[in-house]
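Read-outs throughout are calculated quantities, based only on the coordinates presented, and are distinct from any laboratory measurement. Just so you know, these numbers come straight off a predicted model, no measurement behind them. Cβ: placed from backbone, ideal geometry, glycine included. Neighbour counts: every protein chain shown.
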Amino acid sequence: MIPRSTYQRVLGWVGLLTVLVIVAFLVLPAAVVTIAAFNDKPILSFPPQTWSWRWFGRALAYEDFRQGFFNGLIVTAWSSTIALCVGGMFAFAIDRYKFPLKSAIEGILISPLVIPHFTVGLGFLILAAQVGLSRGFAVVVICHVILVLPFVLRSVYVSLRNLDQSYEHAAASLGAGPLRVLTTVTLPLLLPGLVSGWLFAAILSFNEFTASLFVTSQRTQTLPVAMYNYVREFADPSMAALSVMYIVGTAALIAFANAFLGLGKVLNIEQSH
Amino acid sequence: MNQQPFLRIFTAPATLCAVGFVAAMVAVLQYSLRAYVPGSLDPGGFTLANFADLLKPLYARVFLDTVVVCAMTAVVTLIVGYPLAYALVRVEQPILRSILLVIVVTPLFLGEVVRTYAWIIVLGNNGFINSLLMSLGLIGKPLQLMFTPFGVVVALVHVTLPVMVIMLAAGLSHIDRDYSRAAESLGAGPIRVFLTVTLPLSLPGVVAGTTTAFAWTFSAFATPQLIGGGRVNMISNLVYQLGFSSFNFPFAATLCVAGLALTALVLGLLQLASRPLRKIEVH
């Protein structure tokens, strides 16, 4: 019989190898895109014969990408902020209050998690046409608010659950009114949850594609829609260069969020001891 | 004293959002029951003909393909995601954990388009895999990976993997380690501990992850559109085509409604099948 320690060591190596292969699968596309972005030739080839930075310049100068980026910033700023206010207040109400239709409203606002984005997009496209709203930024922002609300609700709700209410009781017993307790005790304590909820909402909104494809027009198209249209028409590495910038930017944001907010806690995957 | 001081102010905006969303979904439902008037953006009168059209072989085929692709993606994602989730929860060093977490979470926020484009470069005829295999002399001419169900499923697994890992890890991290320690101290080997203690206790996370992976794949549009290239069609692609190529919004809406019913059915069955698991208390 094989001794137990050897057996466990072999098992450990097999496990490590499996995880490394899976991590390689996760990282592979990003790595390949990075190589492709530095290829000097306009046609894809591996490995690239000559290297250059020129596609980064092209991507930054391409008008549709620039327009999409700024449109995306407008939509993201509005939708994540509105979602934070609406979702933050409602999460507080769910946690503390009793009111009619509570679980019905909560269920409706959580449901975009399982309703396909193309259905949500089509719904708002038809609704906008029915109420005579033009295909401007308003439709896009409303659609994005609905799509990111579940994430904000969850993020704020989790921090509310972890909040020690005795601070609020102490403030109230010392004579602070409800508004004062809320602004000077509850809000500061909730700040990490609010920031992470807002950050989640902003990243998701900036990247949202399928529903945006339905509700945006040529004038309001966001960056992912512009990128999609580009991929369908052109094959040069500009898109690869833009993807690299996208990946680096997003990874930096996530690392930042992890360092300051603790992603494990936000995602609820901290090991319990 | 008022026990619920901000009730109205705090619930009004959310209620408004819920009403808006319900209105949008009712709009889809309403359109699904209207006749298509070719050449016009306005729908005709009320009819059930759209739902009868769903049974045409062309459309029934797309539904079948969609379910097969979703099911395959969900199962493969589960198999690939489990070891990673396990590692994420059990790794002790904080730095290694953080790196692993960022690698897992970043793709979640990259968006479908960037990831799909990356897979086009990996799978294409001049792409990374074919170039690598050809330069190694393993194949003479490029393998056809693009425009195949295989390529679509590989890319979709990559898209759903982060969310699966997060859900599995959430389940795994809330299992009390004392259970496995007790099994170990009673003489069970690592594989036995895993199969008889950890795996059964993590099943609620498995159900949650698989359900979400299925729903997400169902929602995918860019991946089947660009990697499937018309040869792998999912409901999402058909809805877009009908809407924006032939302006047949009523039938696009019908497909959405049927899609929702199908998702609800599959997710309901999954919930039902996992009912015995509710007995497992996870702290």
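Some notes on this structure:
- Residues whose amide H lies under 5 Å from that of B:ARG34, counting only those 5 or more places away or on a different chain, are B:THR47; hydrogens are built 1.01 Å from N in the peptide plane.
- Largest mean-square fluctuation among B:ALA170, B:ALA155, B:ALA85, in a Gaussian network model of chain B whose springs join Cα atoms under 10 Å apart, belongs to B:ALA170.
- About the Cα centre, charge dipole magnitude for the protein assembly as shown (Lys/Arg +1, Asp/Glu -1 at Cβ), debye: 420
- Charge dipole (chain B, unit charges on Cβ, about Cα centre) - positive-most of B:GLN144, B:VAL206, B:ILE103: B:VAL206
- Ratio of Rg to Rh for segment A:62-266: 1.04 [Cα atoms; Kirkwood radius as inverse mean 1/r over pairs].
- Where a label projected 7 Å from the Cα of B:ALA71 along Cα→Cβ would reach, residues of segment B:132-174 with amide N under 17 Å: B:149-150, B:153
- Counting Cβ atoms of other protein chains within 10 Å of each Cβ in A:107-116 and taking the mean gives 6.
- When the Cα positions of B:ILE121, A:ILE94, A:LEU127 are compared along the charge dipole of the protein assembly as shown, A:ILE94 comes out farthest toward the positive end, with charges on each C-beta of Lys, Arg, Asp and Glu.
- On the principal axes of its alpha-carbon atoms, segment A:176-230 has extents of 56, 17, 14 Å, going from largest to smallest.
- Put simply, the amide H of A:ASN39, placed in the peptide plane, has neighbours under 5 Å in A:SER52, leaving out anything fewer than 5 places away on its chain.
- Hz values of 3J(HN,Hα) by residue in segment B:258-271 - Karplus curve (6.51, -1.76, 1.60), Gly and Pro given as x: 5, x, 4, 4, 5, 4, 4, 5, 4, 5, x, 5, 4, 4
- Ranked list, fewest to most other Cβ atoms within 10 Å of each Cβ, for A:THR210, A:THR220: A:THR220, A:THR210
- Scattering profile of segment B:25-118 at q = 0.22 Å⁻¹ [log10 I(q)/I(0), Debye over alpha-carbon scatterers]: -1.15
- Exercise: per-residue mean of other protein chain Cβ atoms within 10 Å, B:22-35: 5
- Helix-only mean residue ellipticity at 222 nm for chain B, each DSSP H run of n ≥ 4 adding -39500 (n - 2.57), per residue, nearest 500: -23000 deg cm²/dmol
- For segment A:1-69, the alpha-carbon coordinates run over 68, 30, 14 Å along the three principal axes, in decreasing order.
- Under the criterion of Cα pairs below 8 Å and six or more residues apart, the relative contact order for segment B:74-184 equals 41 percent.
- Listed by Cβ neighbour count within 10 Å, with the fewest neighbours leading, B:ASP176, A:ASP164 appear as A:ASP164, B:ASP176.
- Base-10 log of normalised Debye intensity for segment B:33-276 (one unit scatterer per alpha-carbon) at q = 0.07, 0.16 Å⁻¹: -0.33, -1.17
- Pairs of Cα atoms farther than 12 Å apart, segment A:99-154, %: 68
- Highest-MSF residue in chain B out of B:PRO83, B:PRO204, B:PRO162 [GNM, Cα springs under 10 Å]: B:PRO83
- Percentage relative contact order, segment B:130-221, counting C-alpha pairs under 8 Å, at least six apart: 33
- Peptide A:172-179 shows a mean partner chain C-beta count of 1 within 10 Å per residue C-beta.
- Sorted by Cβ density within 10 Å, fewest first, the residues B:ILE99, A:ILE43: A:ILE43, B:ILE99
- Computed from the alpha carbon positions, the gyration tensor of segment B:189-262 leads to an equivalent ellipsoid with semi-axes of 39, 14, 6 Å, biggest first.
- For segment A:9-111, average projected area of the Cα convex hull in nm²: 13.6
- For the protein assembly as shown, dividing the convex hull volume of the Cα atoms by the residue count gives 191 Å³ per residue.
- For chain B, the relative contact order comes to 28 percent (Cα pairs under 8 Å, sequence separation of at least 6).
- Between B:LEU54 and B:SER274, full extension at 0.36 nm per residue minus the direct alpha carbon distance yields a gain of 76.2 nm.
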